[in-house]
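Heads up: the structure comes next, in structure tokens.
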Amino acid sequence: MAKFMQAGCTNFAAGAGWLGALLWLGAAGGACLHAADAAVPVIWTLESARTVGPVEPLVLGAPQPVDEPPAGRALHFNGRSDGLILPLIPFTGWAQFTIEVLFKPESGGAPEQRFMHVEDTKGGRAMMETRLTPDNHWYLDTFLLSGPSSLALIDKTKLHPADRWYWVALRYDGKLMSSWVDGAKELQGPVTFAPMVEGKMSLGVRQNRLFWFKGAIREVRFTPGALADGKLQRPAPASQ
């Protein structure tokens with residue numbers, strides 16, 4: 001049953017629009033947004049701006065589908081005006097979670113870029129960002145905010161060449177947030193983060209339409225619980 005519900009999450013036909021999708025989610029017992037009991041990931045494959053996961057997002061600009069070997073079909077953001085805003089948070093209510101993104105940050109973008117911004121109605125926030133250097137290397141910035149508690153994990157010495165595919169992850173185990181690139185831990189630190197309530201999330205830009213991301217996103221995964229180190233997504237041997 002859990003596998004069936006998860007298939008509905010990842011393959012939901014969005015012809016009914018986002019309202020219909022949310023009604024379907026409610027009828028299904030919230031399986032897509034509250035899958036903690038099933039311990040299976042919610043997986044979004046970005047192949048079109050018209051549908052992301054179970055909903056039709058608000059489309060900013062014109063993100064374009066592109067074929068990007070070896071990752072496959074992905075969604076490209078131009079770094080100036082392209083973004084998606086979604087009327088939901090896939091990990092609402094989860095005390096522990098892992099967010100993984102398969103993406104390709106490109107050279108020539110802005111120094112600061114937000115490729116994922118999640119914010120609930122109480123002001124709780126989770127963000128994944130890049131910093132791009134003048135010589136087109138990037139480093140990861142992950143951020144959690146909950147009430148008076150917040151933590152940013154960022155280290156400008158942990159550089160990666162742009163124009164390649166990477167898996168990046170933000171993991172929260174109820175006490176510690178850690179950041180990862182291609183299955184390797186980069187940083188971790190303590191933070192108190194309450195389970196998120198209803199809200200919105202954006203891809204390719206901050207929700208206030210600043211700090212646009214230049215590059216492509218292929219897949220976003222939300223897993224209930226803190227994945228073990230060896231379970232985090234890693235690149236295939238010939239993924240560069």
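For the reader, a short list of remarks on this structure follows.
- Each residue in Arg218, Arg164 was given a count of other beta-carbon atoms within 10 angstrom of its own, and listing them fewest first yields Arg164, Arg218.
- Inter-label distance for Leu58 and Ala110, nm, one decimal - labels placed 7 Å from Cα along Cα-to-Cβ: 1.7
- Here's the list of lysines a cross-link from Lys185 could span, going by alpha-carbon distance under 18 Å and ignoring same-chain residues fewer than 8 apart: Lys156, Lys158, Lys175, Lys231.
- Given their separation in residues at 0.36 nm each and the Cα-Cα distance between them, Gln188 and Lys175 gain 3.7 nm when the chain is fully extended.
- Whole-Å distance, taken between Cα centres, linking region 137-170 and region 77-114: 12
Rule-based calculations on the coordinates, nothing more; no lab input. The structure displayed is predicted, hence computed values, not measured ones. Using ideal geometry, Cβ is built from the backbone for each residue, glycine included, and neighbour counts are taken over all protein chains shown.
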